[in-house]
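Comments concern the structure below.
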Amino acid sequence: MAPSRRHESGKTRIGTLLEIYFLETNTEYFPTGSTTFSKSEQSVGGEPDESYCIGTDKEFPDLAIEVVVTSGGINKLALYQQLGIQEVWFWQFDRLAIYYLRQDSEQFTATFGYEAINRSKVLPELNIELLAECIQNPSPLAAAKAFRERIC
């Protein structure tokens, strides 16, 4: 089934704002978009809505982003855990839920080894509240301008 306009608008808005953040903060990044990531030895694979390697280009991204409009959710963490992706964000119900992969995953079995956190560990200086506020702005141009002005 093709993604809805609402889904595509959300993922594009998040990507645009993150790329503004990377440029304004001089953060080295490598966008990997919705590339299919897989590990053949584990027979797992999937495509995030957006994804990025931070600092250096790697086989698997540091950050995967999922926009949940009608279906999906944290069950995707099982896939990302097998791929070793450090951080996963879910945009759902006009908020960001952030999950960080822990080495001691036994205490986080319900979330497949990921801990729910309030601030990104991959992008620790990013103001998540500001990002969420700008994602919700109905004007993409106004959102981008406001975000750029307030992160500097």
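Just so it is clear, none of the values below were taken in a lab; they were calculated from the coordinates. Note that the coordinates shown come from a computational prediction; the quantities given were computed from them, not determined experimentally. We place every Cβ from the backbone using ideal geometry, glycine too, and count neighbours over all the protein chains shown.
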Under the Karplus relation with 6.51, -1.76 and 1.60 and θ = phi - 60°, whole-Hz ³J(HN,Hα) for region 26-36, x at Gly and Pro, equal 6, 8, 5, 9, 9, x, 10, x, 10, 4, 7
Excluding residues fewer than 8 positions from Lys121 in its own chain, the aspartates and glutamates with Cα under 19 Å of it are Glu19, Glu24, Glu28, Glu50, Asp57, Asp62, Glu66, Glu87, Asp104, Glu129
Along the dipole axis of the chain (charges at Cβ: +1 for Lys and Arg, -1 for Asp and Glu; origin at the Cα centre), the most positive-end residue among Phe108, Asn26, Ala143 is Ala143
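Assuming R0 = 25 Å, what is the FRET efficiency of Glu59 and Ala110, from their Cβ-Cβ distance, to the nearest 0.05? The partial results should precede the final answer.
Details: r = 28 Å, r/R0 = 1.11.
For R0 = 25 Å, the calculated efficiency reads 0.35.
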Here the averaged projected area of the chain, based on the convex hull of its alpha-carbon atoms and given in nm², is 9.2 nm²
So Thr27 and Lys39, fully extended at 0.36 nm per residue minus their Cα-Cα distance, gain in nm 1.5 nm
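Which FRET efficiency value, to the nearest 0.05, do you get for Thr70 and Gln136 by plugging their Cβ-Cβ distance into 1/(1 + (r/R0)^6) with R0 = 22 Å?
On the way: r = 18 Å, r/R0 = 0.83.
Approximately 0.75, to the nearest 0.05.
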The correct pair for region 86-152, radius of gyration to one decimal and Dmax as a whole number, both in Å and from Cα atoms, is 14.2, 44
